[in-house]
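Novice: Encoded as structure tokens, here's the structure I'll be asking about.
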Amino acid sequence: MSPLRLIESRYALGAVLSLALARSLLLFFLATWALLGWGSLITRLFRMRLALAERHFSQLWLGLALALLLLQLLNYFAPLNWLAASALGLGGIAAWWSSERPDLRFPTLSRLAPRQQLRLLVYTLLILLSAVWIAIQSMQPAAAYDTGFYHLQTIRWQNEHAIVPGLGNLYGALAYNQSLLTLAATLNVYPFFN
């Protein structure tokens, strides 16, 4: 192979990896936004008063809990494919936008003191660097033994079918119910990114 071809192939590989990283970061951002929306819906329904410092963190976890509950209930009747992911994402984003309480919106920089602006900038940079690191790590080959043993098979079953009664009788490891695999099946966006 000529040196010019080698350089072109490296640039092409870099472009593909950059595109995959950008796609992962976009999915990370949209999923976080949707989970914040579901969390804000819970805090409104139950009239929860959260401190300013913990508000978005708590809403993110509450949103994750509600999203997992909705996905597990949905999986009784339908597979977790791109339609489920779209409905979950759009519903969460709509819940975030429909929030009427002004304290659920992110503060604008002009209303913050200079020290708070700097702190917000540092936190934002740390979150972005963490998101980039997580996205890069997620593109690595799966190294856990259980991933090949039953994780990928469970995700595939959830992508293609509603809950199949008796599936654990065929293969015992498929009887393990982990909510993380339900979320992974939804984020798989089957059949587009299988």
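Novice: When the residues of region 65-77 are narrowed to those that are within 20 Å of residue 30 (Cβ to Cβ) and touching a residue at least 40 places away in the same chain (Cβ under 8 Å), which ends up most open to solvent (accessible area, probe 1.4 Å)?
Specialist: It comes out as 68.
Novice: Restricting the search to region 48-63, which residues are closer than 23 Å to residue 180 by Cα and open to solvent by less than 40 Å² (accessible area, probe 1.4 Å)?
Specialist: Passing the criteria: 58, 59, 63.
Novice: Output the number of the condition that residue 136 fails; it satisfies all remaining conditions of (1) of a type outside the set (Lys, Arg); (2) touching a residue at least 24 places away in the same chain (Cβ under 8 Å); (3) in a helix (DSSP H, G or I); (4) in contact with a Pro (Cβ under 9 Å, 6 or more places away or on another chain).
Specialist: Among (1) of a type outside the set (Lys, Arg); (2) touching a residue at least 24 places away in the same chain (Cβ under 8 Å); (3) in a helix (DSSP H, G or I); (4) in contact with a Pro (Cβ under 9 Å, 6 or more places away or on another chain), residue 136 violates only (4).
Novice: Let me ask another. Evaluate the following for residue 157: is it aromatic (Phe, Trp, Tyr), closer than 16 Å to residue 84 by Cα and open to solvent by 70 Å² or more (accessible area, probe 1.4 Å)?
Specialist: Here the answer is yes, as residue 157 does meet what is asked.
Novice: Continuing with this model, one more query. Given (1) in a loop (DSSP other than H, G, I, E, B); (2) farther than 18 Å from residue 158 by Cβ, identify the lone condition not met by residue 77.
Specialist: Unmet for residue 77, out of (1) in a loop (DSSP other than H, G, I, E, B); (2) farther than 18 Å from residue 158 by Cβ: (2).
Novice: Scan region 80-93 for residues that are open to solvent by less than 60 Å² (accessible area, probe 1.4 Å) and either under 13 Å from residue 41 (Cα atoms) or in a helix (DSSP H, G or I) (or both) and report the count. Working first, answer last.
Specialist: Initial filter on region 80-93 (open to solvent by less than 60 Å² (accessible area, probe 1.4 Å)): 80-81, 84-86, 88-89, 91-93.
Restricting the remaining residues to those that are either under 13 Å from residue 41 (Cα atoms) or in a helix (DSSP H, G or I) (or both) gives 84-86, 88-89, 91-93.
Going through region 80-93 one residue at a time, the tally reaches 8.
Novice: Would you be able to tell me the number of residues in region 139-170 that are under 20 Å from residue 27 (Cβ atoms) and in a helix (DSSP H, G or I)?
Specialist: Summing the residues that are under 20 Å from residue 27 (Cβ atoms) and in a helix (DSSP H, G or I) in region 139-170 gives 7.
The values are calculated or read from the model by the stated rules, or taken from the named source; none is laboratory data. Being a predicted model, the structure only gives us computed values, none of them experimental. Heads up, the Cβs are rebuilt from the backbone with ideal geometry, glycines too, and the neighbour counts pull from every protein chain shown. What goes into the accessible areas is simple: the full protein's heavy atoms, side chains included, and nothing from ligands, DNA or RNA. Shrake-Rupley method; radii C 1.70, N 1.55, O 1.52, S 1.80 Å.
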